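The values are calculated or read from the model by the stated rules, or taken from the named source; none is laboratory data. Keep in mind it's a predicted model, so treat the numbers as computed, not measured. Here the Cβ positions follow ideal geometry from the backbone for every residue, glycine too, while neighbour counts run over all protein chains shown. Accessible surface is based on the protein model in full, side chains and every heavy atom, while ligands, DNA and RNA are left aside. Shrake-Rupley method; radii C 1.70, N 1.55, O 1.52, S 1.80 Å.
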Amino acid sequence: MREMDKAFDFRTAQARWYAVWEEAKVFEAKPESGKAPWSIVIPPPNITGNLHMGHALVNTLHDILTRFKRAQGFDALWVPGTDHAGIATQMMVERQLKAEGKTRHDLTRAEFEQRLWAWKEQNQGAIEHQLKRLGSGVDWTRNRFTLDPALNRAVRHVFVEAYKQGRIYRGPRMIQWDPALQTALSDLEVKHEERRGKLWHLRYPLVDGSGDIVVATTRPETMLGDTAVAVHPDDERYVHLVGKLMQHPITGRQIPLVADSFVDPAFGTGCVKLTPAHDPNDFAAGQRLKLPSITVIGFDAKMTKEAGVYAGLDRFEARKRIVADLEEQGFLVKVEDHTNKIALSDRSGAVLEPLVSEQWFMDVKEAAAQALAAVKDGRIEFTPEHHVAVWEHWLTNIQDWCISRQLVWGHRIPAWTCAKCGHLLVEMETPAACTNCGSAELTQDPDTLDTWFSSALWPFSVFGWPDERPDLTRYYPTSVLITGYDILFFWVARMAMAGLTWMGEVPFRKVYFNSLVRDASGQKMSKTKGNVIDPLEVMDEFGTDALRFSLAIMAAPGTDIAMSPARLEASRNFCNKLWNAARFVQMNLNDEVTLAVEPELSEAEFWMIGRLRDELGAVDEALEAFRFHDAADRLYHLVYDDFCGTYIELAKVQLTSGTPAQKASILHFLDILLRALHPFVPFLTEEIHEAVMAGRLAATEPSLLAERSWPVKDALLQRRGGDASLIPAFQEALSTVLRLKAENGVDPAKRVAALCTVKTLAPFAEALKSIARLESVAFVEGDLASSTRAVAVVSGGAVALELAGLKDPAAEKAKLEKERDKLQQELQALQGRLGNPRYLEKAPAEEVEKAKALAEEKSARLSQVVALLG
């Protein structure tokens with residue numbers, strides 16, 4: 001046993017204990033243990049990133065739950081891993097190349113892939129090291145990366161099988177194209193932003209000379225690809241003109257006026273131009289009406305040769321030139337201000353271009369129906385429940401998923417085209433020859449799969465699927481998923497769909513959607529606002545335990561976290577409070593006092609046992625229900641108020657000069673608290689545990705706190721006895737004395753004499769003197785009223801402070817008169833309510849009893865105040 005330092009050195013503890021836990025294999029799953037399995041998989045962080053506050057929160061909650069379940073006796077497995085992050089990683093490496101004066105096109109594909117893998121090897125370790133700093137108790141022997149060969153095999157298996165089943169297909173479709181990243185995006189990777197723009201009204205002359213059609217558009221640059229103008233079939237203004245031809249105002253091409261129900265008659269003039277190559281609605285209408293499609297904007301966001309004299313211009317420059325030409329030629333009728341929703345790339349921020357492109361798609365409608373049913377019938381439970389509505393909205397309105405990306409970094413699509421006959425082969429392994437013509441001239445599709453494709457398989461691919469592995473059988477489905485609600489559809493829904501499709505079972509039983517971490521004023525953190533709180537800096541300044549406890553105590557389901565330095569400081573103070581209490585205990589224990597010593601129990605011990613039993617039972621329930629904030633708050637008050645603020649003060653005499661049996665009680669209580677707090681503040685508790693418990697544990701107990709059991713069933717907590725009302729009565733008397741000091745302007749440090757009529761509290765006189773800083777405490781009978789005293793009613797009697805020479809009689813009288821008047825008003829209201837038969841008949845019995853008790857309390861105090869006034 002070593003003597004505890006005066007202050008907790010969190011930096012040394014953090015560096016030391018994680019290595020100890022790893023060496024002892026504390027975090028490794030034990031499938032042969034005979035224990036019931038409990039499993040969870042990490043939301044794999046991108047290899048591109050550093051730990052941000054969102055990571056800190058989600059991984060803190062994972063770790064609390066995993067340590068809790070391990071302590072409960074489960075074979076707890078938390079699977080770690082990282083995501084290859086297709087677009088983000090490729091952007092990083094392309095920036096490196098740009099700094100060298102190159103682009104990826106200056107390298108062969110193989111050379112570029114080599115650069116990407118080299119970057120991954122250099123950077124993957126950073127996020128993993130940061131997870132260790134946070135104390136994340138993951139099983140590193142099962143560490144996974146989404147591009148690992150085993151996980152790539154799972155991806156290829158799904159692609160090939162889904163292709164054979166007709167659920168994956170390739171074809172020309174309208175997609176959202178990111179011209180900056182040069183790749184297609186799924187609809188979920190698109191963010192919409194309202195921007196102020198213009199609505200241009202353009203005149204299209206009828207070929208027969210009978211008039212004009214005026215069309216309203218927000219994108220005049222696409223008009224070069226118009227192949228029709230559409231109106232609603234029920235719009236009486238234009239129904240007689242349907243079928244007529246118009247002359248395109250720029251190209252001179254003749255295009256028809258057509259009718260389609262997608263047109264909104266109230267928008268603009270009720271006439272819209274149809275550009276099937278550059279708008280999703282126009283594309284669908286073009287297919288229905290069998291219109292030609294003319295691509296006038298290319299994948300580089302520049303005008304194509306089909307744009308004629310505008311070819312080669314940037315799309316926005318072309319817009320200016322076209323509007324100017326329309327105005328010059330008399331085809332621009334008017335221009336209006338208009339707020340429009342612009343589609344932007346969630347990754348690059350570029351304005352997206354809807355383009356028809358040959359892409360790979362996955363039909364997920366059947367899988368979506370299964371995922372909907374799994375939540376409806378309770379196989380998957382959401383906390384908070386309100387996310388079910390979002391789930392139902394997304395999955396009910398789901399579209400085919402564009403799964404191909406024009407990237408190099410990722411899972412390459414296992415499809416080959418025969419150069420000789422054009423036959424398409426989709427295979428697990430590279431085919432040697434075309435199965436149609438026998439040619440060996442095969443070219444693999446250059447595209448890779450959307451990053452979320454591999455992430456969707458994460459809960460079972462990490463266990464070796466598609467092979468039948470023991471881990472897969474034992475740990476799938478996982479017990480719970482903890483993740484942010486912002487990726488409910490990106491990831492959670494896709495995992496559910498994949499699990500139900502390929503495993504025939506949900507991937508997790510429960511989903512807890514954690515909060516978002518914001519700044520102190522509730523604003524979203526961003527570099528541009530300068531309000532980012534860096535968890536790495538926080539861990540350096542306040543300690544990891546303070547960060548973890550701050551996140552946990554604020555993690556109420558359904559509410560975001562407003563993080564502030566004040567909150568972090570409060571948590572650091574809590575850690576210091578526990579350290580100081582443990583140090584005080586250690587200083588007063590000798591070698592005879594161990595956990596094997598049968599504790600001697602008095603009123604204070606029975607009360608503390610009751611508090612521990614009740615509160616740890618509530619902590620148990622809170623953690624099972626993901627109420628991390630409730631669990632942390634209860635532990636906070638159990639330590640601060642009950643153990644430090646009350647019990648240690650009551651037990652000081654026996655701790656400093658009592659028998660080993662008397663001292664054993666406080667050792668047991670500290671041990672129980674350390675075991676309960678360990679999931680929240682692991683470094684602090686392990687450090688205290690080693691210092692205080694080493695040499696005092698039973699031979700059968702693990703030496704590491706991280707391996708010890710959850711204390712809720714500890715034998716000591718099953719002991720019952722004592723008068724349950726005594727300590728609460730002491731606490732009431734104490735708080736009342738402190739209140740009287742404050743109300744009467746007495747310096748908290750000034751010692752004054754106190755009187756008390758509750759004689760059952762006499763055994764606690766020394767504790768009352770010590771905590772309240774009193775000169776003396778006299779237990780007397782009779783009325784305590786006096787002009788020199790401050791008096792207050794407590795349960796079973798009254799307490800008073802002798803303030804002779806400290807009180808202003810006139811001010812005291814005025815104060816008592818004010819209190820009398822207030823009490824009379826409150827009592828009159830209560831008596832009126834209790835005298836109302838309708839209230840007594842309709843109000844809950846519990847509420848009526850509370851009102852009666854309050855009336856009695858106010859009546860007693862009023863009598864006392866009247867007596868004091870004479």
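General observations
- For the chain, the longest principal axis of the alpha carbon atoms and the long axis of helix 682-693 meet at an angle near 30°.
- Rounded to the nearest 10 degrees, the angle from helix 315-328 to the longest Cα principal axis of the chain is 60 degrees.
- Calculated FRET value between LYS750 and ALA829, using beta carbons and R₀ = 60 Å, to 0.05: 0.95
- Estimated FRET transfer efficiency (ALA867, TYR640; beta-carbon r; R0 25 Å; 0.05): 0.10
- Inter-label distance, nm, simple model (7 Å from Cα along the C-beta direction), ASN436/SER787: 11.3 nm
- Only helices enter the 222 nm calculation for the chain: every DSSP H run of n ≥ 4 contributes -39,500 (n - 2.57), and dividing by all residues gives -13000 deg cm²/dmol, rounded to 500.
- When the pairs LYS69/LYS132; LYS191/LYS365; LYS35/LYS69; LYS198/LYS334; LYS6/LYS769; LYS750/LYS813 are compared against a 21 Å limit on Cα-Cα distance, LYS191/LYS365; LYS6/LYS769; LYS750/LYS813 fall above it.
- Compared with the dominant Cα axis of the chain, that is its longest principal axis, helix 10-23 is turned about 70°.
- Ordering ALA126, LEU716, PHE159 by the projection of their Cα atoms onto the charge dipole of the chain, which places +1 on the Cβ of Lys and Arg and -1 on the Cβ of Asp and Glu, puts ALA126 at the extreme positive end.
- Computed about the Cα centre, the dipole magnitude for the stretch 1-132 is approximately 200 debye when only Lys and Arg (+1) and Asp and Glu (-1) carry charge, each at its Cβ.
- Taking the charge dipole of the chain about its Cα centre, with +1 at Lys and Arg Cβ atoms and -1 at Asp and Glu Cβ atoms, the residue from PHE549, GLY610, VAL229 reaching farthest to the positive side is VAL229.
- Shape of the stretch 341-390, Cα gyration tensor, a/c cut at 1.5: oblate
- Cα lying deepest toward the dipole's positive end in the chain, options SER39, ALA374, SER210, charges on Cβ: SER210
- Cys residues of the chain counted as unpaired, since no other Cys beta-carbon is under 4.7 Å: CYS271, CYS402, CYS575, CYS644, CYS756
- Normalised per residue, the accessible area of the chain is 44 Å², obtained with a 1.4 Å probe and no contribution from ligands, DNA or RNA.
- Under 5 Å, built H, 5+ apart or other chain: amide partners of SER404: TRP360, ASP450
- The slack in the chain from ARG109 to LYS577, taken as 0.36 nm per residue of separation less the alpha-carbon distance, amounts to 162.6 nm.
- Placing +1 on each Lys and Arg Cβ and -1 on each Asp and Glu Cβ, with no other charges, gives the stretch 1-44 a dipole about its Cα centre of roughly 80 debye.
- Ordering of 242-254, 541-553, 788-800 by packing [mean C-beta count within 10 Å, highest first]: 541-553, 788-800, 242-254
- The candidates THR646, THR656, arranged from most to least accessible area with a 1.4 Å probe in the full protein assembly, appear as THR656, THR646.
- Protein accessible area in the chain, 1.4 Å probe - carbon and sulfur %: 50 percent
- The stretch 191-207 - phi-based ³J(HN,Hα) in whole Hz, Karplus 6.51/-1.76/1.60, Gly and Pro as x: 10, 10, 10, 7, 9, 7, x, 10, 10, 8, 9, 10, 9, 10, x, 6, 5
- Charge dipole (debye, nearest 20) of the chain; +1 at Cβ of Lys and Arg, -1 at Cβ of Asp and Glu: 640 debye
- Extent along principal axes [Cα atoms of the chain; Å; largest to smallest]: 113, 65, 55
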